[in-house]
């Protein structure tokens, strides 16, 4: 910056000035003032360029600390953002794992609820609180024609009880008398001159519906004490005892069964 002109430029300029001085005025030689003017212009241009370069260098040197600080701040921000991103990824993974656990728990609860529903359905069928449909047999019972009370031609509550017990032994899964479902709480007894089932009076003929295997239920019933009793009542007293198998029987549930829970006592 202290010596901006090359030495060769100075030599050329001196030779040009000497040649101009040796030529007589008017023979086509240049004006010495024109050479000095050209050299002054060159020197001014080179000086201005050097000043610009110097100013740029000084400005760059002055801005260097600020640029370094801004770069360090930018790197710090990038690192902080990367750390937050890593934390968000960790939170996302934890949330996904929690969602997976909750979905599995929900699926397990739904499966358990489905199993409980099936259990309740089967228990309701056994308890008599749920309507059931299936094949079985229909038994029609009636007093003997021209029966006289006390003469043996009247159906007693104990006769119906024996028949129902025989059906259970023969493999019946559900039983109804005149549409009234029999359960573990059902009572069959006399009330005055009428047979009552769960305090509902019935009138003959009585229709007993039993769901079970129609191929084995009738024959197995006749092998029980209840079946033998009714064969005797029909043969000796003329009481009606007619059986018929059906491919589809619907037995309603007992809506008045209030048993909440029970457990067996001893061996079964």
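The values are calculated or read from the model by the stated rules, or taken from the named source; none is laboratory data. Quantities reported herein were computed from a predicted structural model and do not represent experimental measurements. With ideal geometry, Cβ positions are generated from the backbone for all residues, glycine too; neighbour counts draw on all protein chains shown.
Some notes on this structure:
- Conditions (1) under 54 Å from the mean Cα position of the chain (by Cα); (2) surrounded by fewer than 18 Cβ atoms within 10 Å (Cβ to Cβ); number of the one not met by residue 251: (2)
- Test: residue in segment 175-189 that is at pLDDT below 95 and more than 30 Å from residue 124 (Cβ to Cβ): no
- Matching residues in segment 134-186 - criterion: being part of a loop (DSSP other than H, G, I, E, B) and either in contact with a strand residue (DSSP E or B) (Cβ under 6 Å, 6 or more places away or on another chain) or crowded, with 20+ Cβ neighbours inside 10 Å (or both): 155, 172, 173, 178, 182
- Residues that are assigned to a loop (DSSP other than H, G, I, E, B) and over 12 Å from residue 177 (Cβ atoms) within segment 204-231 comprise 212, 213, 214, 215, 216, 224, listed in sequence order.
- Check on residue 121, part of a helix (DSSP H, G or I) and within 40 Å of the chain's Cα centre (by Cα): yes
- Only a single criterion out of (1) in contact with a helix residue (DSSP H, G or I) (Cβ under 8 Å, 6 or more places away or on another chain); (2) at pLDDT 70 or above is not satisfied by residue 30, namely (2).
- Only a single item in (1) surrounded by fewer than 18 Cβ atoms within 10 Å (Cβ to Cβ); (2) under 14 Å from residue 136 (Cβ atoms); (3) at pLDDT below 95 is not met by residue 235, and it is number (2).
- The number of residues in segment 190-200 that are in contact with a strand residue (DSSP E or B) (Cβ under 7 Å, 6 or more places away or on another chain) and modelled with pLDDT under 90 comes to 4.
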